[in-house]
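The values are calculated or read from the model by the stated rules, or taken from the named source; none is laboratory data. Given the structure is predicted, the values throughout are model-derived calculations rather than measurements. Here the Cβ positions follow ideal geometry from the backbone for every residue, glycine too, while neighbour counts run over all protein chains shown. With ligands, DNA and RNA removed, areas are computed over all heavy atoms of the protein, side chains included. Shrake-Rupley method; radii C 1.70, N 1.55, O 1.52, S 1.80 Å.
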Amino acid sequence: MAGKRLGEIMVQSGWIDEDKLNKALKVQQLQGGLIGEVLIKLHYATEEQVAQALGRQLGITYASRENQILNPEKGQGLEKSIPEKFARDNAVVPLFIENNTLAVAMTDPTNILMLDNIKLVSGMEITPFIATKAQILKVIDSFYQGQTNLIDKVIEKGAGQGQGEMSDADVITPDGKLDLDKVIIGESKGAQSIKLVNAIMKQAISERTSDIHLEKFDEKVSLRLRIDGVLYERSAPPADLVDAMISRVKILSKLDISERRLPQDGSFSIKYQNRIIEIRVSVCPTVFGEKLVMRILDKGSVELNINIIGFEQRQKDDFLKAAQAPNGLIFLTGPTGSGKTTTLNAVLNTIKSPEINIMTLEDPVEIKMEGISQVQIKPQIGLTFASGLRSFLRQDPDVILVGEVRDNETAEACLKAAMTGHLVLSTLHTNSALEAVPRLLDMGIEKYLLASTLLCLAAQRLVRQLCPDCKTPYRPSQQEIDQFAAESMLNPLPDLTKLTFYKPRGCPKCFNMGYKGRKAIYEVYFNTEAMKSIIYRDADVQKLSVEAAKGGAWNLRASGWRKVLAGVTSVEDMLSVTVTER
């Protein structure tokens, strides 16, 4: 495809049509920039598609984790050829060495100056590959692993040392964020408690942790990291440093360090490896002292791509059919921490465009998104979900996201917004999607109004993904085969005599856990005319379930079995987060 324009290649590949290309070209004429960047900004194409098209245009191979090219192996001296800081600062990663030539993945292989710099740093000739920045940074995180023993190192170094004083003046960025890299580098200056707090945060981020738990008991200290939904013990700091460590976190979060009788909530931001990470802090008094929980919100690790979060094709089509409607109600249900916010943000990221006014009410705003007006509720000053939603209607919105329906007032406000020409997305805490119907009726919503405005009901859970480098195939037992046949709702069933499932084993790449990351499983029910009739008559959940199954929809357990069959997760993990409905 040499000589062809990038837009032509995108059209010929079927990623965009002529109409979208012409719109993008008009935007490019007005605003400038590269056409690939404009297509991504308008959400007409993904970074991956633009990178592949650019690769075809330049005759350069596209590298990704999916095609196994963006998968550097240790033991070849690659980490010495390009230092981690250089790789991270310039979004490049070494792939392999052949005949004194270094293959390097980069975002812009036409950057001659960068190619010369890499050649100078490595001392080798360079063969460029093209890849997306997001994937390169993820590979850098896993390839340059060296943080897993930080806590032990700090504890060992601190044995017998007294506590000194440390000023934050040299480690706070101009915008007020704690620069974690500088704190760790300059650790000899500071107190042991400060070093430990930062070592814990750095190790937690390297291990893909979502929450850090630190608490004292009568005779021990417990430090646990929640990784992929499961808590794991880590080396605990000395008991005499715990109070000082919690005070350090309170200072960063602008909390009252003298108050130890009441719970306190706060937050702060850190700068780590060229990305900004939000830390939400909760301190709660217990009988043995204060317990500290820090939630890590790493926007860089969240991909708001509806194609990769876990939807089966039928489920994605039904959800997007509802999300692209001009008005109506969409509810996503599930427990706290099941990924509802990420899913709804991925949906908004898919449908957003300059022609649509999207506004959100959240508590808290976890993922900040460009092009969407996001509002943090503040009940202490009267800004609740219900009051905020009423004010939204004067802001000419097309799509409204309400973080959670907690009471009758909010439920009625959502219903009225949906009835007056707005698309409303929200969440509920119920065990299954269809149980949202009786829950909303209990809140005082009339059956006929709910039946006419409801577009889609969905529920989700998170299952742990088996590590692709060490998962082990096995022939399932007869009990597992029978359970699969009864609950998978597949029609037709695959050959049961040839079923292959996978189980975890553990390797260095997954920290010997056997799992690496999580994937969502869903049940999605588009509200058909037959289901509307059932809601209008008696809103019986069992009748709704039967009717949905007739239409080809399936429940959470059946979605889980599909992930097991695909080798995404194990039977044990899937069964632990779902319940049978038969």
query = What number goes with the only condition from (1) buried (at least 18 other Cβ atoms within 10 Å of the Cβ); (2) out of contact with any strand residue (DSSP E or B) (no Cβ under 9 Å at 6 or more places or on another chain) that residue 34 does not pass?
reply = (1)
ask   = Can you pull out the residues in the range 279-294 that are open to solvent by less than 70 Å² (accessible area, probe 1.4 Å) and either aliphatic (A, V, I, L, M) or modelled with pLDDT under 90 (or both)?
value = 279, 281, 283, 292, 293, 294
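Here is a check on your reading of the model: is residue 559 modelled with pLDDT of 95 or more and either within 26 Å of residue 347 (Cβ to Cβ) or out of contact with any strand residue (DSSP E or B) (no Cβ under 6 Å at 6 or more places or on another chain) (or both)? Step through it out loud before you land on a result.
Details: modelled with pLDDT of 95 or more: yes; either within 26 Å of residue 347 (Cβ to Cβ) or out of contact with any strand residue (DSSP E or B) (no Cβ under 6 Å at 6 or more places or on another chain) (or both): yes.
So residue 559 fits the description; yes.
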ask   = Does the range 305-313 contain any residue that is in contact with a helix residue (DSSP H, G or I) (Cβ under 6 Å, 6 or more places away or on another chain), in a strand (DSSP E or B) and open to solvent by less than 60 Å² (accessible area, probe 1.4 Å)?
value = no
query = residue 428 is checked against (1) in contact with a Lys or Arg (Cβ under 9 Å, 6 or more places away or on another chain); (2) surrounded by fewer than 17 Cβ atoms within 10 Å (Cβ to Cβ) and fails just one. What number does that condition carry?
reply = (2)
note = With criteria (1) open to solvent by less than 30 Å² (accessible area, probe 1.4 Å); (2) β-branched (Val, Ile, Thr); (3) closer than 27 Å to residue 563 by Cβ, residue 402 comes up short on (3)
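Residue-wise test of (1) without any contact (Cβ under 8 Å) to a residue 60 or more places away in the chain; (2) closer than 22 Å to residue 59 by Cβ; (3) of a type in the set (A, V, I, L, M, F, W, C); (4) buried (at least 20 other Cβ atoms within 10 Å of the Cβ).
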| position | (1), (2), (3), (4) |
| --- | --- |
| 86 | yes, no, yes, no |
| 90 | yes, no, no, no |
| 93 | yes, yes, yes, yes |
| 116 | yes, yes, no, no |
query = Of all residues in the range 524-551, which are open to solvent by less than 60 Å² (accessible area, probe 1.4 Å), part of a helix (DSSP H, G or I) and either among the β-branched types (Val, Ile, Thr) or in contact (Cβ under 8 Å) with a residue 24 or more places away in the chain (or both)?
reply = 532, 533, 534, 535, 541, 544, 545, 548, 549
query = Quick check: is even one residue across the range 552-567 in a loop (DSSP other than H, G, I, E, B), farther than 19 Å from residue 462 by Cβ, in contact with a Phe, Trp or Tyr (Cβ under 8 Å, 6 or more places away or on another chain) and open to solvent by less than 50 Å² (accessible area, probe 1.4 Å)?
reply = yes
query = Within the range 436-456, is there a residue that is surrounded by fewer than 17 Cβ atoms within 10 Å (Cβ to Cβ), touching a residue at least 12 places away in the same chain (Cβ under 8 Å) and either at positive phi or assigned to a loop (DSSP other than H, G, I, E, B) (or both)?
reply = yes
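Mind listing just one residue for me: the one in the range 189-248 that is of a type in the set (S, T, N, Q) and part of a strand (DSSP E or B) and, of those, most open to solvent (accessible area, probe 1.4 Å)?
First, pick out the residues of the range 189-248 that are of a type in the set (S, T, N, Q): 192-193, 198, 203, 206, 209-210, 222, 235, 247.
The next check asks that each one be part of a strand (DSSP E or B); those that pass are 209-210, 222.
Numbers: 209: 11, 210: 31, 222: 5 Å².
My answer is 210.
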query = How many residues, within the range 99-114, are in contact (Cβ under 8 Å) with a residue 12 or more places away in the chain and over 33 Å from the mean Cα position of the chain (by Cα)?
reply = 2
task = Can you tell me which residue among 87, 91, 45, 103 is of a type in the set (Gly, Ala, Ser) and within 26 Å of residue 21 (Cβ to Cβ)?
result = 45
query = Hey, does the range 408-423 have a residue that's over 21 Å from residue 535 (Cβ atoms) and open to solvent by 60 Å² or more (accessible area, probe 1.4 Å)?
reply = yes
